[in-house]
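First the structure, in the form of structure tokens, and then the observations on it.
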Amino acid sequence: MPKLRVLSAAQVCKILERHGFEAVRQTGSHIIMRRQLSERRITIPVPNHSEIARGTLKSIIAQSELPKSVFMR
């Protein structure tokens, strides 16, 4: 499996928006993305940095419940 590529906050937010998330607010240096499902809500803080660390990106992927392949394109 290839390594995750380094993404910026803007790129991560665009990917999340394409999959039903929306930016609801920005608190300090974090953009808060939210997706409403029928029975629950998923909220993900995305650090507003030019490069998001791979470990942080892995955490965002896990929280979003999206396949890892979405972030590798």
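The values are calculated or read from the model by the stated rules, or taken from the named source; none is laboratory data. Everything numeric here is computed off the predicted structure, so don't read it as measured data. Quick reminder, even Gly has a Cβ in these numbers, built from the backbone with ideal geometry, and neighbours come from all protein chains shown.
Numbers for the structure displayed
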{"item": "Boolean, Ser59 is at pLDDT below 95 and hydroxyl-bearing (Ser, Thr, Tyr)", "result": "no"}
{"item": "Extreme residue, farthest from Gln63 (Cα to Cα), among residues of the stretch 1-23 that are part of a strand (DSSP E or B) and touching a residue at least 12 places away in the same chain (Cβ under 8 Å)", "result": "Leu7"}
{"item": "Check on Ser50, part of a loop (DSSP other than H, G, I, E, B), among the hydroxyl-bearing types (Ser, Thr, Tyr), exposed (fewer than 12 other Cβ atoms within 10 Å of the Cβ) and without any contact (Cβ under 8 Å) to a residue 24 or more places away in the chain", "result": "no"}
{"item": "Criterion violated by Arg35 - all others in (1) surrounded by fewer than 14 Cβ atoms within 10 Å (Cβ to Cβ); (2) among the charged types (D, E, K, R); (3) touching a strand residue (DSSP E or B) at 6+ places or on another chain (Cβ under 8 Å) satisfied", "result": "(1)"}
